[in-house]
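First comes the structure, then the notes that go with it.
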């Protein structure tokens, strides 16, 4: 056993325990420990950095701006940050439906509705997927967003009880300053070093971050819907003509989807949760079993 104290970022005190990094501030919260949640997560930041460096190189990300954004979000949510034990209670041992904004999202959600599967799962919406979920009369339990989706629907869902999990990165600093103050309660995330109230659970796009979040909080199963990962972009991702008018943005979007798929494939090699794919006509995801309507009915 290795147990060495390592002081790190402000308001975080990290330790090494059996080669895993654990936040002592979380370990001090006994209610969190009593949930049966495995605090010594299989996700390790040291493994994430190699992914982040690779992604940053591919997309020419500015690490300093990403970090600046995390600090800005931290300050913005001083009085509205959700406690991790609250999320742990919501997630632990549950089934999580992760809904992306891919082309098949409406068909996939119809299966969820008709099968009654929505009654036995939590729903995590990846940003723009909030809209089709609301359209069928459901409310996502969580919305993972970097605030570039249909904000009117995200605010509407949050008033219905959805928990916004807001991601900070170098390109959304102004959006954070504008919109975060409008939310009542949020959880903050980052893709770089975590700071007070802003966590790094892994993941890069809104969709794959939902999956990493579910694994981090000990869900039993994760079911993907609307996660096509192809070259066709769903109508709920951006305004209808956005990518037609911005071919460079389309190229970057397709690359980001490839990255998201790779990250889920990596996660599937070590996740405790079983990851299943309900998505119609989507790309094959290595390590993730395909399921259909009948499977939803029997899934427990």
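The values are calculated or read from the model by the stated rules, or taken from the named source; none is laboratory data. Nothing here was measured: the structure is a model prediction, and the numbers come from that model. Here the Cβ positions follow ideal geometry from the backbone for every residue, glycine too, while neighbour counts run over all protein chains shown.
Scanning region 156-188 for residues that are touching a strand residue (DSSP E or B) at 6+ places or on another chain (Cβ under 8 Å), within 16 Å of residue 79 (Cα to Cα) and either buried (at least 20 other Cβ atoms within 10 Å of the Cβ) or without any contact (Cβ under 8 Å) to a residue 60 or more places away in the chain (or both) yields a count of 9. The set of residues from region 222-244 being in contact (Cβ under 8 Å) with a residue 60 or more places away in the chain and not in a strand (DSSP E or B) comprises 226, 227, 228, 229, 230, 232, 233, 234, 235, 236, 237, 238.
Does residue 219 satisfy being at pLDDT 95 or above, assigned to a loop (DSSP other than H, G, I, E, B), within 22 Å of residue 289 (Cα to Cα) and in contact with a strand residue (DSSP E or B) (Cβ under 8 Å, 6 or more places away or on another chain)? Let's see the steps before the verdict.
Numbers: at pLDDT 95 or above: yes; assigned to a loop (DSSP other than H, G, I, E, B): yes; within 22 Å of residue 289 (Cα to Cα): yes; in contact with a strand residue (DSSP E or B) (Cβ under 8 Å, 6 or more places away or on another chain): yes.
Against the criterion (at pLDDT 95 or above, assigned to a loop (DSSP other than H, G, I, E, B), within 22 Å of residue 289 (Cα to Cα) and in contact with a strand residue (DSSP E or B) (Cβ under 8 Å, 6 or more places away or on another chain)), residue 219 qualifies.
When region 114-131 is filtered for residues that are more than 19 Å from residue 90 (Cβ to Cβ) and part of a helix (DSSP H, G or I), the ones remaining, listed by number, are 114, 115, 127, 128, 131.
I need a count of the residues in region 132-155 that are outside any loop (DSSP other than H, G, I, E, B), touching a residue at least 60 places away in the same chain (Cβ under 8 Å) and under 17 Å from the mean Cα position of the chain (by Cα). Walk me through it before giving the result.
From region 132-155, those outside any loop (DSSP other than H, G, I, E, B) are 132-135, 142-145, 151-155; that's our starting set.
Going one step further and asking which of them are touching a residue at least 60 places away in the same chain (Cβ under 8 Å), we end up with 132, 142, 144-145.
Adding the requirement that they be under 17 Å from the mean Cα position of the chain (by Cα) leaves 142, 144-145.
Matching residues across region 132-155 total 3.
Name the residue that is nearest to residue 219 (Cα to Cα), counting only residues in region 88-107 that are part of a loop (DSSP other than H, G, I, E, B) and touching a helix residue (DSSP H, G or I) at 6+ places or on another chain (Cβ under 9 Å). Checking each candidate, the answer is 94.
Quick grid of which residues meet (1) free of Cβ contacts under 8 Å to residues at least 12 places away in the same chain; (2) touching a strand residue (DSSP E or B) at 6+ places or on another chain (Cβ under 7 Å); (3) buried (at least 16 other Cβ atoms within 10 Å of the Cβ); (4) assigned to a strand (DSSP E or B):
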position	(1), (2), (3), (4)
52	no, no, yes, no
71	no, yes, yes, no
74	no, yes, yes, no
86	yes, no, no, no
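Looking at 264, 275, just one residue is buried (at least 22 other Cβ atoms within 10 Å of the Cβ) and closer than 24 Å to residue 113 by Cα, and that residue is 275.
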